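The block underneath contains the structure these notes are about, expressed in structure tokens.
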């Protein structure tokens, strides 16, 4: 069953969710890999579900050229390791029109989205969340405004309300309340050139300021990208990190490499990944990857995997 037919079938089952004018889209991704993992105590093998997901999104035309928009997306546990088969990802509702877009719910911050696709091993072991950054966040109580695109330039600003959130110590005692946070990005995306600057204020933790700069360039079959990030904690200490990536396509093949260093997650963190994808169709691929990570205090990790990805 193709994507359109599947969406129409779901609409037929849930007629209250759709009208003749509504655009309704059911989608998903199944990504799983068979891996060998060496985390310092000998190699083990397992199946990993790499952020597989199911979701529904749509839009409903309203008056004056405005439309209502929504998205409800859940991660699906393919490998069966989690007690929860489904886990909430990006979920929101809002309005969109000539003024831009306003949404509210739980979703990726502008800071996180600013990385675009510079992280070529996103959702795999080489994901920049492993050693490069602590600030790729998906936040609840999130209200975001995004401007229309002006010749490729766009601004997104999010206000994250945490007035009822409490912070606990190791013994479970309330030690503080969580501040409200802000996340803002300024991005230019046009003719294969992507440039972005983003910052978070009190999102990762109270009185933490984080800045990020991203650049990516596509020309022909080659894509190169880089990211730099600086984190300042409440005690005024600073840590930074950077990474760079390159991908090259030859027919159905895509070769990928990524390298980075950072003190943000672990002191003297260093990560290196190689990958090779083979495109079976527009919606399917097989892939293999190798990731090596090191840091201070004898931290050493290495991963090798092969997997498949299907989008629908």
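Observations
- Subset of segment 146-162 (residues that are part of a strand (DSSP E or B) and in contact with a strand residue (DSSP E or B) (Cβ under 6 Å, 6 or more places away or on another chain)): 146, 153, 154, 155, 156, 157, 158, 159, 160
- Filtering segment 192-201 to residues that are within 13 Å of residue 116 (Cα to Cα) and in a strand (DSSP E or B) leaves 193, 194, 195, 196, 197, 198.
- Scanning segment 49-75 for residues being in a strand (DSSP E or B) and either within 30 Å of residue 306 (Cβ to Cβ) or more than 17 Å from the chain's Cα centre (by Cα) (or both) gives a total of 17.
- Restricting segment 76-106 to residues that are outside any loop (DSSP other than H, G, I, E, B) and within 30 Å of residue 304 (Cα to Cα), the residue that is farthest from the chain's Cα centre (by Cα) is 86.
- The single residue among 312, 304, 219 that is more than 15 Å from residue 127 (Cβ to Cβ) and in contact with a helix residue (DSSP H, G or I) (Cβ under 8 Å, 6 or more places away or on another chain) turns out to be 312.
- Residue 189 part of a strand (DSSP E or B) and modelled with pLDDT under 95: no
The values are calculated or read from the model by the stated rules, or taken from the named source; none is laboratory data. Keep in mind it's a predicted model, so treat the numbers as computed, not measured. In this analysis, Cβ positions are derived from the backbone assuming ideal geometry, glycine residues included, and neighbour counts consider all displayed protein chains.
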